[in-house]
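Asks: Here it is, the structure, as structure tokens.
The values are calculated or read from the model by the stated rules, or taken from the named source; none is laboratory data. This is a predicted model, so every value here is computed, not measured. Cβ sites come from the backbone with ideal geometry, for glycine too, and all protein chains shown count toward neighbours.
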Amino acid sequence: MRAGEVKDQMDRASTSVPLNIAEGNGKYAPKDRCRFFDVAHGSSLECAACLDVLVAKGKLTLDQIRPGKERLQRIVRMLMGLIKRNSTRDYDKGQPHDKDQQ
């Protein structure tokens, strides 16, 4: 993949993040909302991977991508909060769920 193609892919993925957040916020059912937040989460991770690829190809340095990676980490944390609030998934797999087990 050429650097220009990586940049194009990053443009698509970065555009997907706010659009999916907006569309998810327009849904009433938590399951529907969560589906769009999941897509935004995946697109955020894809953006981070694109930055890594650009470093691997020698087009950018780690210092150049650091602000973007830090911003993406914050975005991913926020999306995980939205996903957890709107999901019925069990995110505390290592924790006992029955009070009798504690």
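Asks: For segment 5-35, which positions are of a type in the set (A, V, I, L, M), exposed (fewer than 13 other Cβ atoms within 10 Å of the Cβ) and over 21 Å from Arg77 (Cα atoms)? Don't jump to the end; show me each part of the working.
Replies: Looking only at segment 5-35, we keep the residues that are of a type in the set (A, V, I, L, M), and these are 6, 10, 13, 17, 19, 21-22, 29.
Filter once more, so that each one left must be exposed (fewer than 13 other Cβ atoms within 10 Å of the Cβ): 22, 29.
Across segment 5-35, the qualifying residue is only Ala29.
Asks: If the Cβ limit is 9 Å and pairs must be 6+ apart or interchain, which residue in segment 1-26 that is over 10 Å from Ala40 (Cα atoms) pairs with which residue that is of a type in the set (S, T, N, Q) and modelled with pLDDT of 95 or more?
Replies: Met1/Gln9; Arg12/Ser43
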